[in-house]
Every structure is written in C-alpha cells, then in structure tokens.
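The values are calculated or read from the model by the stated rules, or taken from the named source; none is laboratory data. Computed from a predicted model, the values in this text were never measured in an experiment. Cβ placement follows ideal geometry from the backbone for every residue including glycine, while neighbour counts extend to all protein chains displayed.
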Amino acid sequence: MKIIFFGSTSDSVIVLGKLSEVVAVVTQPPRPIGRDKVITPTPVDAWAKAHQLPILSFATNPDKPWEYADEQAVVDTLQPFKADLFVSASYGQKIPSALINAAKYGGLNVHPSVLPRWRGTDPVPWTLLSGDHQTGVTIVTLSTTKFDVGRIIAQKKIPVTPHDTTVPLREKLFELGAELLCESLPDYVSGKNKGAAQKTENEPYAKRLTRDDGFEKWENIIDPAQSEKINRKFRSFYPWPGLWTLVDGKRLKILKFTHEPVTVQLEGKTPVSWEQFKSAYLPS
C-alpha cells in the first residue's frame, strides 16, 4: 500500500514514524525561525530527509491559509505517486478532493480531540480552556468538503488532569493516535470498518489561535476568585500565545501561574518574581 503523509510539526513525526509504507511526505516549506530568522525546515522535513523520502511543499493562499495557492499544481504533482491512501496529522491545509477521491482508500486524519467535539485547527488548548474532564484522539476519514467532518474510524478517550498543559497533552494524544491509526488500518483497508457518521451540530469549534487570545484583563489576573479560571487559561495557552495583560499600557507576560502569578515579564524588561514586580510597579 502506498501512503502519502501530510504534516509539519513534531506531533506529525510521532505519527509518521509508525507508518512503514510512506512513499512521499507533504510538509510546510522551510520558514524563518527565532530572533535571528534562521530558515528552518519542519520536523517532518528533517525526518523525511533522514529516511530518504521525497519531500514536497506547496504555497498556501495568503488570504485563506487553510487552502493552497494553486490546488491544481498540488494534484498534478502528487498524482504520479499513485497513492492508495493519504494520511494527515497536525496539518493545516485542506487536501484536494480530487486526490482523496482518486486514492483507493481515500484518506485518514489523526485528530487530537473526541470528535465531533472540537473540530478545527488546534483543539487541545480549547479543550483545556473549556474545563473538559476528558479528551482523546480520533481517526477520521478525510472529507472532501470540510475539516474533521468525515466518518469516525476509531477513537480513544483519556482523562484531562488539573495539571495538563497544551504541549505535553498534545504530544500524548498524537502518540495514542499513532498507535490507534496502526491498529485500525487493517480493518479500514479491508472494508470491515467503514466508520460511523458524526453529528457536528451544536459542538464547539477550535478556531485558529491568535496572540490576542492570550489577553486577560488585569483585574481578573489579580482577583483570587478568578484564579482557577486564570490558571486554566495559563495552562491552555502556554507557551503560545501565552497569558498576558496590560499594565499602564504595557504588555505584562505571565510566565508562571499557580494560584496567582509567580513569574512575570514586563514589556522590554527581564523576568522577575511577582513579589518583585508588585514592589517595583505597584507600590501600596
């Protein structure tokens, strides 16, 4: 079976590493990273090079980043591989319907939520922010119309703990997803498991994160009655976009939060303890 894999992040690599029949990978092109803007390939790019797999990248639509700039070019480039199955994990672009329809087994996506809850780009922070007591991973068929609305092939649920943060939880879910994908593939390709339709009405959608999502009003940050909610927001949006507020018009990043801020950093300053900050900037 010939598989073409779509993904970019280190979470994608967790899934990719479990697949033995990949003939090519599609990932984001190298981008400038860090303060020095060093052009850096994605983790999937680096993994594929190490395993001598063909690596393909395509420009995205600047106005609609979930779409390709030239969908037909994607189709024309990938069709010669004659893939039997497309697999995606942590990938932000919609795979062309012409490819999905032409593949013998269509396509599967590894999605880190209990679908239909939290369809969308990055469900993990929204899962934590909402206070959900459980999450999970879903293997879902790739739809030719919308993201994450295909048939559910397999699903595994796990509890959310009061100490979970986005990055480790997301990694845990993709590790589970990689195993679940491999377990469910035989029955899927044999036709034994055709999946179950999902009802997406009234279920929350995980919208794309922006820096503004990390903002919280100053009065809420310092209100003890809000501490549980603020701690949940800190765990949800760490390390990006982070939890931040405004003090006298300047951005204050909350670098560590438990029952109250522990470490903070005022715009243009070095990190300090909350007690130091209060002493210097909030005299009684």
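Some points to look at:
- If only residues of segment 59-77 that are within 12 Å of Ala98 (Cβ to Cβ) and among the charged types (D, E, K, R) are counted, the one that is modelled with the highest pLDDT is Asp76.
- Residue match in segment 197-215 (condition: over 25 Å from Leu129 (Cβ atoms), of a type in the set (S, T, N, Q), surrounded by 14 or more Cβ atoms within 10 Å (Cβ to Cβ) and assigned by TED's automatic domain parsing to the domain that holds Leu85): no
- Selection count, segment 148-187, where residues are in contact with a His (Cβ under 9 Å, 6 or more places away or on another chain) and surrounded by fewer than 22 Cβ atoms within 10 Å (Cβ to Cβ): 2
- Odd one out for Gly136, checked against (1) buried (at least 18 other Cβ atoms within 10 Å of the Cβ); (2) over 12 Å from the mean Cα position of the chain (by Cα); (3) assigned to a loop (DSSP other than H, G, I, E, B): (3)
The rows are residues; the columns are (1) crowded, with 16+ Cβ neighbours inside 10 Å; (2) touching a residue at least 60 places away in the same chain (Cβ under 8 Å); (3) assigned to a loop (DSSP other than H, G, I, E, B); (4) among the β-branched types (Val, Ile, Thr).
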site	(1), (2), (3), (4)
Ile4	yes, yes, no, yes
Val25	yes, no, no, yes
Pro32	no, no, no, no
Ala48	yes, no, no, no
Asp63	no, no, yes, no
Gln72	no, no, no, no
Phe86	yes, yes, no, no
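- Where Ser227 falls short, out of the listed (1) touching a residue at least 40 places away in the same chain (Cβ under 8 Å); (2) part of a helix (DSSP H, G or I); (3) surrounded by 15 or more Cβ atoms within 10 Å (Cβ to Cβ): (1)
One line per residue, one yes/no per condition, for (1) within 12 Å of the chain's Cα centre (by Cα); (2) among the polar types (S, T, N, Q); (3) part of a loop (DSSP other than H, G, I, E, B):
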residue	(1), (2), (3)
Ala83	no, no, yes
Asn101	no, yes, no
Tyr105	no, no, yes
Leu115	no, no, yes
Pro125	yes, no, no
Leu128	no, no, no
Val149	no, no, yes
Ala154	no, no, no
